[in-house]
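Some notes on the structure that comes next.
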Amino acid sequence: MLRKIRLTLAVICFTLITLLFLDFTGTIHAWFGWLAKIQFLPALLALNVGVVIALLLLTLLFGRVYCSVICPLGVFQDVISWIHGRQKKGKTRFSYSPALTWLRYGVFVLFVILLVAGVHAAVALLAPYSAYGRIASSFFAPIYQWGNNLLAMLAERADSYAFYSVDVWIKGGATLAVAAITLIVVAFLAWKNGRTYCNAICPVGTLLGTVARFSLWRPVIDTDKCKNCNLCARKCKASCINIKNHSIDYSRCVACMDCLDNCKHDALHFRYAYGAKKVDSQPAPSGDPSSRRSFLSAVGLLASGAALKAQEKLEQQKRQYQVNRTQSYTDTRTMMPDPKAKVIQKVDGGFAEIIDKEIPERSTPITPPGSRGILNFTKNCTACQLCVSVCESHVLRPSTSLDRLMQPEMSYERGYCRPECVKCSEVCPTGAIKPITRADKSAIQIGHAIVIHHNCIVNVDGVECGNCERHCPTKAISMIPKDPNDPKSLKLPVVDEAKCIGCGACENLCPARPFSAIYVEGHERHREI
């Protein structure tokens, strides 16, 4: 029974967390975005003390339930191992093996040192939630989007608008390579040996395993009933049951409950581990009812509390949206062009193909509104790619710079940061991007525009333009005559840096190719205007 409950909760959590990286409409995030915020390392970096304490208490009560239910990378390993097990047609694949103590604690100490030292690329590489996020966004999301576009094409032929097409593109070669290596390593270890990655490499697994040594409720072997058949050990994907000594390494046990269901002699029970040295020898159904009720009540309490918190946050967001809607929507509707216009337009003027824009060389990278600046962003970001997945304007993509490898940064070749969109701040689980409102965003200066006059088509082609001025949401760009003494003189753009917020509308919509005649330079520390 406990195993079925664990499997049900694990499937639900894994499916919803995966959908967080696939959903480009924001619907899933509105209801289940809290699942990303209860991941251990993001909660720790966000200084979400309540979540960290709750996860530690859950581990102290029932062992590493987090690893078998909440962590998506852990459940993903179970899926890979289950597929291999199905091919083996019921044959046992595991056996007890001693813990690789030197490796797991060596990696953990190294992880802590790198975290304190600020080597964020290595931290992001080892973080389990972020590792799965990169796998999902790099490999699962494109498949999901291609499937959506296929449905959109079929719906269009049926005169239905139930689906709409989205751009499918690889956002970062370095991130794709890291995600591919991570996928290969995790899948290989899970295919061969189950939870080896969790118990030998994962720093979160090592920390929770240390706490799980003292868990109050855990699987206990009844030596009076055990027949030394070794079936439990051969089914243990954590390889932590030593049937010869009738002992279990609880630092590696992930509380999957597989051993309880596979024991044919009723010798394994999930029970309170302190007090009586051995369980009652009287026959009893598999799984102590009292411990089962305690387990269910604790899990139910945790789930209900998290759901209530998510509901309260959603209601608060709805109220804030109603306050800002009249102010922001009316302005942006008149200023912003149709988001589908750039997608539909494939040629310039109906004849010449549009040349793709090139990324300008920025001396300071641009970080999202709400990140407060580069220092706060790089300190807290684990490169999980969740904000990249939900960015509808495609302005967020993983950095290729070694000091910020895989951490998102902004660029405006495919779109610009719309004043009415605050999705990245709503989904960030680590506090790297603080929650902001639509009204707040219009007052945050993440950078400022710089004009490159020799690229402007007014100088190059001798024609009028003014595209940057027309689409600037803060009216920070003015057009002044090239020749002040000539009333018919063509006009060039001038930027008022005090008003510019760095949204990138001017850079994205500038017709100059391949380099825009105006680009945004980032600010190390964001300002309010």
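Things worth noting here:
- With each label modelled as a point 7 angstrom along the Cα→C-beta vector, the Ile113-Arg213 pair spans 2.1 nm.
- The stretch 370-486, Rg to Rh (Cα coordinates; Rh as Kirkwood inverse mean 1/r): 1.06
- Calculated on the Cα set of the stretch 208-262, radius of gyration then Dmax: 10.7, 31 Å.
- Plainly put, the stretch 1-137 has a radius of gyration that is 0.98 times its Kirkwood radius, both from alpha-carbon atoms, as the Rg/Rh ratio.
- In whole percents, the pair-distance distribution calculated for the stretch 76-169 from its alpha-carbon pairs, binned every 10 Å from zero, is 13, 21, 25, 22, 13, 6, 0.
- Separation of the stretch 11-40 and the stretch 471-529, taken as the distance between their Cα centroids, equals 38 angstrom.
- Peptides 139-146, 97-104, 514-521, ordered by how many other C-beta atoms sit within 10 Å of their residues on average, highest first, read 514-521, 139-146, 97-104.
- Probe 1.4 Å, accessible area per residue of the stretch 1-114, Å²: 46 Å²
- Whole-Å semi-axes of the ellipsoid equivalent to the stretch 417-510 (Cα gyration tensor, √5λ, descending): 33, 12, 10
- Heavy atoms of Arg372: accessible area, 1.4 Å probe, square angstrom to 10: 150 Å²
- On the basis of the beta-carbon distance and an R0 of 22 Å, Ala498 and Arg525 show a calculated FRET efficiency of 0.85.
- For the stretch 113-264, the Kirkwood estimate of the hydrodynamic radius, built from every pair of different alpha carbons, is 19.1 Å.
- Rounded Å value of the spacing that divides the Cα centres of the stretch 131-176 and the stretch 380-399: 16 Å
- The number of Lys pairs in the stretch 208-277 with C-alpha atoms less than 16 Å apart, excluding pairs fewer than 8 positions apart on the same chain, is 8.
- Using the Cβ-Cβ distance between Ser489 and Leu375 with R0 set to 35 Å, the FRET efficiency from 1/(1 + (r/R0)^6) comes to roughly 0.20.
- Surface accessible to a 1.4 Å probe, Cys417 within the full protein complex, Å²: 20 Å²
- Pairs exceeding 26 Å between alpha-carbon atoms, taken from Lys357/Lys379; Lys434/Lys499; Lys171/Lys423: Lys357/Lys379.
- Accessible surface of the stretch 58-156 [probe 1.4 Å, protein heavy atoms]: carbon and sulfur percent: 72 percent
The values are calculated or read from the model by the stated rules, or taken from the named source; none is laboratory data. What you are looking at is a predicted structure, and each value in this text was computed from that prediction instead of being measured. Please note: Cβ atoms are built from the backbone with ideal geometry, for glycine as well, and neighbour counts cover all protein chains shown. Each accessible area value is taken on the protein alone, full model and side chains, heavy atoms only, with ligands, DNA and RNA left out. Shrake-Rupley method; radii C 1.70, N 1.55, O 1.52, S 1.80 Å.
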